[in-house]
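Where a number appears in this text, it was derived from the coordinates with a stated rule and is not lab data. From a predicted model like this one, the values you see are computed outputs, not experimental measurements. In this analysis, Cβ positions are derived from the backbone assuming ideal geometry, glycine residues included, and neighbour counts consider all displayed protein chains.
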Amino acid sequence: MVKLNFSSKCTFNQPPSDTVKECRQSAKFVNRCNIVVRDVRDRNGNKLGTVVEPHDATEAGVIAAAQRATDRMYEEYPEASNIQSRIGATDASGRPNWSISPNFKHIAEIGTDEASYIWGNVRPQCSLKG
C-alpha cells in the first residue's frame, strides 16, 4: 500500500469552506486523526448532518472510507444529494487535507485548484464562445 503525501504546508487561496470547517469540528469531536467526513446536504444545499468514517492514510483507504460514508449517508439521510454533499479527509495530525470527488475517482489536496473544482468552487478554464 502507498501512503498519501499529507503535506502540512497547504495554503488556502480562499476562506475555508463549510466542508473544511466540518472536518475540523469532526476531528476534534471524535478525537481522531485520519477520518473521512461527509458533509450531508439535500439537493438544495440544506445541511442534513455529518457522517464520519476512519481511514488508514492510504489512497485506497481514503476511497474505501468515503464509499462507506456515502453508503451510511444514504441509509441515514435518504434525501441526501451526492453532488451537494462534499467529502473531505483529515491527515495523521487531524488537519483537513484532502478533497474527494463524489464519484471517488479524484483526491486532491485542499487549497489546490483541483480540490476547489471537486467541491464546485472553480469554473472550468475553457470557454465555448468563439
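Overview of values
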read-out: Theoretical gain in end-to-end length, Asn82 to Asp113 [0.36 nm per residue, Cα-Cα removed]; value: 9.1 nm
read-out: Burial ordering of His55, His106, fewest other beta-carbon atoms within 10 Å first; value: His106, His55
read-out: Pair Cys33, Asn103: separation of 7 Å Cα→Cβ label points (nm); value: 3.3 nm
